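Would you mind keeping the following structure in view while I ask a few things?
The values are calculated or read from the model by the stated rules, or taken from the named source; none is laboratory data. In this text the structure is predicted, and so the values were computed from the model without any measurement. Using ideal geometry, Cβ is built from the backbone for each residue, glycine included, and neighbour counts are taken over all protein chains shown. Heavy atoms of the whole protein, side chains included, go into the accessibility calculation; ligands, DNA and RNA do not. Shrake-Rupley method; radii C 1.70, N 1.55, O 1.52, S 1.80 Å.
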Amino acid sequence: CAVKAAQVLSEIAKNDEMKKPCIEADLLLTLIPLLESTDQEMLLHAGRAIGRICYDNRDLQEELVKVGVITSLVRILTDYAESEPLVHVDLLALCNLADLDTAKEALSKTKVAEQLVKQLRRADNHERLEIVFEVLQALAENDALKVQLVEAGVQEVLSEILLRLQGSSQAEDTCIVKAASDLIVSLLLGELSRSTHIFVASHKCNATSISGSGFLKTGNKNLGLILSKINGNCVRMVQLGVIHQLLDLLEKHVESGDISVQHAALSALRNLAIPVVNKVQILEEGVAERIQALLRSEVPPVQFKLLGTLRMLADGQADAAEILGQDPMLLNRLVQWCDANDHTGIHGEANRLLASILRHNRSQEVVKAIQEAQGVKHLVSMTTSEHAAMQNEALNALAIASAIDLETLEESFKESQLVQSLHKLLQDDNTSPEVKYNSMGLLCSLLNSGDLRQEIEEDKIKETLEQLCSHSNANVVKEAVTTLQVLRGET
C-alpha cells in the first residue's frame, strides 16, 4: 500500500491548508527514506509529496538538506535520466532547494553539473528549458559549481541553444535566449567578481598584485583556479562562435525589443572580451566594427554596456585602440556622451573609453583624431574626477598622448588649463599618492613645450614640488625630485 499512500499524500499536499497537518504528523520523516526506493512510481509520488509539503518553507527545506535529500535527488536524476515524469519532479525539487547555501554546498560534492548539462541538452520544450535554466542560474552563484558546470561543457550547449533560436521572433524563444545570455554572464564573472573584492579587502592588496602572476602563486588558490577556469570558458565560447550569435541577437533588438535581452547579451559580450586571446580573435573577425554599429541605440543601459564592451576590447590592444581611435563617428558620439551629465554612468564610461583609446594606442593619427573631435578637454576634466581610478586613467592617457604628439595637443592643453589642474592635484592633501605621482609624470612631458613650461613656471609649481620632496610616500618623493631636475634643466 506504500505507493498508493504516497500518491494520496502527494494529492493532499496540494492544498495549502493540509501542509501543516502533514508536517505535524511527521510525514516528512516517513517519506524521505522512500526516495531510496527502486520503484519509479514510489519515487514519483514520494518526491511530489515531499516537494509540495516543503514548498515555500525555508526551515523545512533546510531540514531536508540536513538529512541528505540532495544525494537522493542527484541519484534519481542520474539513474532515471530518461524518465520524463521523474526528471520533472526532481528538477522542481532542485529548483526549490538551489537557493539555499547549504544545498549548493551539498550539490558541489556531487556530479549534479554533469547531469544538469545532460538534461539541458536533451530538453525539447520551453518549460523544461526554463526549469533547468532556473536551477543552473542558482548554482552558478557558487564558485565550485560554476567550475564544474564549465568542465561539464555547459558553454557548448548554451552556444547550440543560441544558434538554434537565432532569428526567432517568438516570445517563448526570446525568454530562452535571455536566460541563456544571463547564464553566460553568470558563468563568466558573477560571483567571481565578488570573491575577488572580498579577497582584496581581506588581504589589503591592490589591483596590480591581483593581475600579476605572483598572485596566483601566493594568493588564494581557489580564486586562482576560478580565474583560470573562467578565462578558459570565455575562450571556448568565442571559439564556438557565441560572439556572433549574441551580436545577431543584439542587432535584431537594437531598434526595438526586449531591453533585458540586450542588457544580458551585452554583459556577456563584455565579459567574453576579457581574455587577451579573445580580443585578438574578436578583432580579426571584425567584431569591433559590428559593436560600433550598435551605437545608434538611444537606450541608456544599452549605451552604457556598449561603451564598456568597447573599452574592454581596447584594453591592452594597440590594434583595437587604433581602429576605434580613427573612427570619426565613434569619436563624435563619445564626445557627445562625455557631455551627457544627465546620465552619469554613460558620461563616465565615455570618458574612460576615450582615455583607454589614447592609453593603448601608439599612433599619431589617433591623437590627431581625438584632438579634432574635441575630446582632449574632456580628458583634462577627467583628471579632476572624484574617482582616483578615473583620474589615473586620464593622467596616463594624456602623458602617452603627449609623448606621441605634444605639438598637436599643446593648444588644447592651454585652453583647458591642464597645468593649473595638475597644480591643484599636487597641492591638495586629499589627492592620492598615485594621482600625485602620475600628475608629475605628465608634467615632465609638458615641460618639452616652451609655452607649457612657461605656464608651469608662472604657476609656481616648483615650490609645490619642493614641498613634495618631503612627502610620506617614497614614490611621490622620487618623482618630485625627478620633475624638479627636469624643470631646472638638470636632466
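Kindly indicate the residue of region 316-348 that is part of a helix (DSSP H, G or I), closer than 18 Å to Val380 by Cβ and not aliphatic (A, V, I, L, M) and also most open to solvent (accessible area, probe 1.4 Å) among those meeting that condition.
The residue in question is Gln336.
Show the residue pairs meeting these rules: Cβ distance below 8 Å; 6+ apart or different chains; first residue within region 150-168 and without any contact (Cβ under 8 Å) to a residue 40 or more places away in the chain; second residue assigned to a helix (DSSP H, G or I) and loosely packed, with under 15 Cβ neighbours inside 10 Å.
Listed pairs, sorted by first residue: Glu160/Arg121.
Separate question: When you scan region 11-40, how many residues do you find that are among the polar types (S, T, N, Q) and within 16 Å of Asn57 (Cβ to Cβ)?
1
Since Lys66 meets every condition but one in (1) within 36 Å of the chain's Cα centre (by Cα); (2) closer than 22 Å to Glu130 by Cα, which condition does it not meet?
(2)
With the condition kept exactly as written, say whether any residue in region 390-400 is in contact with a His (Cβ under 9 Å, 6 or more places away or on another chain), open to solvent by 40 Å² or more (accessible area, probe 1.4 Å), part of a helix (DSSP H, G or I) and closer than 15 Å to Leu442 by Cβ.
yes
Ok, one more. Out of the residues in region 13-32 that are over 43 Å from the mean Cα position of the chain (by Cα), assigned to a helix (DSSP H, G or I) and not aliphatic (A, V, I, L, M), state the one that is surrounded by the most Cβ atoms within 10 Å (Cβ to Cβ).
Step by step, filter region 13-32, then rank; the result is Cys22.
Quick one: in region 349-378, which of the residues that are open to solvent by 10 Å² or more (accessible area, probe 1.4 Å) and small (Gly, Ala, Ser) is modelled with the lowest pLDDT?
Step by step, filter region 349-378, then rank; the result is Ser363.
A further question follows. For a quick check of your reading of the model, give me the residue pairs whose first member lies in region 20-35 and is at pLDDT 90 or above, whose second is open to solvent by 60 Å² or more (accessible area, probe 1.4 Å), with beta-carbon atoms closer than 8 Å and at least 6 apart or on different chains.
Note: pairs meeting the criteria are Ile32/Val67.
Also, quick follow-up: Going by the conditions given, is Val242 among the β-branched types (Val, Ile, Thr), modelled with pLDDT under 80 and open to solvent by less than 10 Å² (accessible area, probe 1.4 Å)?
For Val242, the condition - among the β-branched types (Val, Ile, Thr), modelled with pLDDT under 80 and open to solvent by less than 10 Å² (accessible area, probe 1.4 Å) - is met.
Quick one: in region 260-294, which of the residues that are β-branched (Val, Ile, Thr) and in contact with a His (Cβ under 8 Å, 6 or more places away or on another chain) is nearest to Pro328 (Cα to Cα)?
The selected residue is Val287.
From Leu307, Leu295, Leu272, which residue is at pLDDT 80 or above and closer than 25 Å to Glu365 by Cβ?
Exactly one of Leu307, Leu295, Leu272 is at pLDDT 80 or above and closer than 25 Å to Glu365 by Cβ, namely Leu307.
Just wondering, is there one or more residues in region 91-109 that are free of Cβ contacts under 8 Å to residues at least 60 places away in the same chain, within 20 Å of Gln137 (Cα to Cα) and of a type in the set (Lys, Arg)?
Scanning region 91-109, I find at least one residue that is free of Cβ contacts under 8 Å to residues at least 60 places away in the same chain, within 20 Å of Gln137 (Cα to Cα) and of a type in the set (Lys, Arg), so the answer is yes.
Okay, next question. Among the basic types (Lys, Arg), assigned to a helix (DSSP H, G or I) and open to solvent by 10 Å² or more (accessible area, probe 1.4 Å): is that true of Lys436 in this structure?
For Lys436, the condition - among the basic types (Lys, Arg), assigned to a helix (DSSP H, G or I) and open to solvent by 10 Å² or more (accessible area, probe 1.4 Å) - is not met.
Let me spell it out: the conditions are (1) in contact with a helix residue (DSSP H, G or I) (Cβ under 8 Å, 6 or more places away or on another chain); (2) free of Cβ contacts under 8 Å to residues at least 40 places away in the same chain, and Gln115 meets all of them except one. Which number is the exception?
(2)
Conditions (1) among the hydroxyl-bearing types (Ser, Thr, Tyr); (2) surrounded by 17 or more Cβ atoms within 10 Å (Cβ to Cβ); (3) modelled with pLDDT of 95 or more, marked per residue:
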residue	(1), (2), (3)
Ala81	no, no, no
Leu94	no, yes, no
Ala98	no, yes, no
Ser108	yes, yes, no
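Any residue at all in region 175-184 that's open to solvent by less than 50 Å² (accessible area, probe 1.4 Å), within 17 Å of Glu114 (Cβ to Cβ) and either modelled with pLDDT of 85 or more or in a helix (DSSP H, G or I) (or both)?
yes
Any idea which residue in region 264-310 is most open to solvent (accessible area, probe 1.4 Å), counting only those that are more than 20 Å from Asn341 (Cα to Cα) and touching a Ser or Thr at 6+ places or on another chain (Cβ under 7 Å)?
Arg270
Let me ask another. Given the conditions (1) surrounded by 15 or more Cβ atoms within 10 Å (Cβ to Cβ); (2) free of Cβ contacts under 8 Å to residues at least 24 places away in the same chain; (3) among the basic types (Lys, Arg), report the number of the one that Lys4 does not fulfil.
(1)
Being part of a helix (DSSP H, G or I) and either more than 20 Å from Val117 (Cβ to Cβ) or small (Gly, Ala, Ser) (or both) is the filter here, so list the residues in region 159-174 that pass it.
Selection gives Ser159, Ala171, Glu172, Asp173, Thr174.
Test of understanding: among Gln485, Gln420, which residue is open to solvent by 20 Å² or more (accessible area, probe 1.4 Å), of a type in the set (S, T, N, Q) and at pLDDT 95 or above?
Gln420
While we're on this one: Among the numbered conditions (1) touching a residue at least 12 places away in the same chain (Cβ under 8 Å); (2) open to solvent by less than 60 Å² (accessible area, probe 1.4 Å), tell me where Thr384 comes up short.
All conditions are met except number (2).
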